[in-house]
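In what follows, a single structure is set out as structure tokens and then discussed.
Each reported figure results from applying straightforward, stated rules to the coordinates on display, with no laboratory input. Worth saying up front: this structure is predicted, and the values here are computed from it rather than measured. Neighbour counts are summed over all protein chains in view; Cβ atoms, including those assigned to glycine, are modelled from backbone coordinates with ideal geometry.
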Amino acid sequence: MPHTMARMGDVLAGFHAAWEFESDSVLIRFERGIRTPKLFQALGERRVPLEAIAAVTLTPGKRGTVVLRAVPRAGADPLMEAAAGQLKEGCDPYRLVLPADRETLAEYYADELRDRLTTDDEPAERYLVDPPAGPLHFKAYDGKASFDGRAVSFRWFWTGASSAKWKAGDQSFPVADLSGVEWRSPEVFEGHLRLLRRAPAAAQPAQADQDPAAVVFGLGYGPVHESLPFAAAVLAAVRSAGPTAVAAPAPRRDPADIADRIRHLGELHEAGLVTDEEFSSKKAELLAEL
């Protein structure tokens, strides 16, 4: 006999978050505390419709825990689409970590959710999870990014912006002129947020630090909990403005530019500013673009 859905308002509390089960959704409330990931604190709470969930898993966690995870349906959540698989496991908003002694209770709720999910695993045609609310802003290394729901603005810092950006001047991009957003985590080499334009007058520069439609991150600039919700909100606005909005990869670089970047990467590696792992990973990534 199939399970009966948990009573409306039932709550399953774990580390850093609690899931409240409703008839057609799960309300995820994140804790505010010194140990809670800053991204969770920034999100506050998220209502996830059941139709936005593709599957539910329950797996052993670390140090005497179990992990209940709702697998989001492709295209259903602008935050996860903007993240493009770059979030660390501990910052995944769809994971609920619980003490191992609550595994039986977690399995009960996992079964309840599975019984209510549809068998449709096709990508969603529209976002089903609401994007972070605006207006939003954050400080990047070379400028301040702001979004008021209608346009994205970049105001350059004289201490970090390239001469190309100073020459172009402060920028404002109406959502209607954009086709997508690229977010590269500030926790990796060459992190940045780049706006992709529908019909640019000229090809966008390959390097984000030379592109007036991009801001670059650095140590302490553009942290995940500020820049990712920003990217998700812009992406959702772009998607609602037109059917061609996509999260797309950066423009391909020419061989000479890639060679220059590899040489620069080698210099950073020799100076001890880039680890062996970061050097090997980024070099392979650059070579793959040839």
Item to complete: Of the options Leu79, Val224, Pro123, report the single residue whose Cα projects farthest towards the positive end of the charge dipole of the chain (beta-carbon charges: Lys, Arg +1; Asp, Glu -1).
Response: Val224
Worksheet item: Helix 255-270 sits at what angle to the longest principal axis of the chain, using alpha carbons and giving 0 to 90 degrees rounded to 10?
Response: 70 degrees
Practice prompt. Label segment 58-151 by shape, choosing from rounded, prolate and oblate, from the square roots a ≥ b ≥ c of the eigenvalues of the Cα gyration tensor; if a/c is under 1.5 it is rounded, and otherwise prolate applies when a/b is larger than b/c, oblate when it is not.
Written response: oblate
Response to the item:
Once the in-chain neighbours fewer than 8 apart are removed, the aspartates and glutamates whose Cα is under 17 Å from Lys62 read Glu89, Asp92, Asp101, Glu103
Worksheet item: In terms of Cα to Cα distance under 22 Å, which lysines are near enough to Lys144, apart from those fewer than 8 places away along the same chain?
Response: Lys38, Lys165, Lys167
Practice prompt. Evaluate the distance, in nm, between pseudo-label points positioned 7 Å from the Cα of Glu278 and of Ser163 along their respective Cα→Cβ axes.
Written response: 2.7 nm
Item to complete: Run the numbers on segment 95-157 and let me know its relative contact order in percent, using alpha-carbon pairs under 8 Å that are six or more apart.
Response: 17 percent
Fill in: Order of Ile34, Ile262 - criterion: other Cβ atoms within 10 Å of each residue's Cβ, fewest first
Ile34, Ile262
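Based on the alpha-carbon gyration tensor of the chain and its eigenvalue square roots a ≥ b ≥ c, which shape applies: rounded if a/c is under 1.5, prolate if not and a/b is larger than b/c, or oblate?
Here the chain falls in the prolate category.
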Fill in: For Ser179, residues with placed amide H under 5 Å, excluding near neighbours
Leu196, Arg197, Arg198
Fill in: Crossing angle, helix 224-241 versus the chain [Cα axis fit, 0-90 degrees, rounded to tens]
90 degrees
Worksheet item: Ala100 to Asp24: extension gain in nm, 0.36 nm per residue of separation minus the Cα-Cα distance?
Response: 24.6 nm
Fill in: Shape metrics for segment 129-227, restricted to C-alpha atoms - Rg then Dmax, Å
12.7, 39
Worksheet item: Taking other Cβ within 10 Å of each residue's Cβ, how do Trp166, Trp158 sort, fewest first?
Response: Trp158, Trp166
Fill in: Options Ser146, Ala199, Gly160, ranked by Cα towards positive dipole end of segment 136-241, top entry (Cβ charges)
Ala199
Discussion item. On C-alpha positions alone, give me the angle between the axis of helix 276-288 and the longest principal axis of the chain, in degrees, nearest 10.
Written reply: 70 degrees
Practice prompt. Using label points projected 7 Å from each Cα along Cα→Cβ, tell me how many nm separate Ala84 and Lys144, to one decimal.
Written response: 2.8 nm
Worksheet item: Suppose every K and R has +1 on its Cβ and every D and E has -1 on its Cβ; what is the size of the dipole of the chain about the Cα centre, in Debye to the nearest 20?
Response: 720 debye
Discussion item. Under the rule a/c < 1.5 gives rounded, and otherwise a/b versus b/c splits prolate from oblate, where does segment 10-116 land using the Cα gyration tensor?
Written reply: rounded
Practice prompt. Arrange Asp276, Asp10 by Cβ neighbour counts within 10 Å, fewest through most, would you?
Written response: Asp276, Asp10
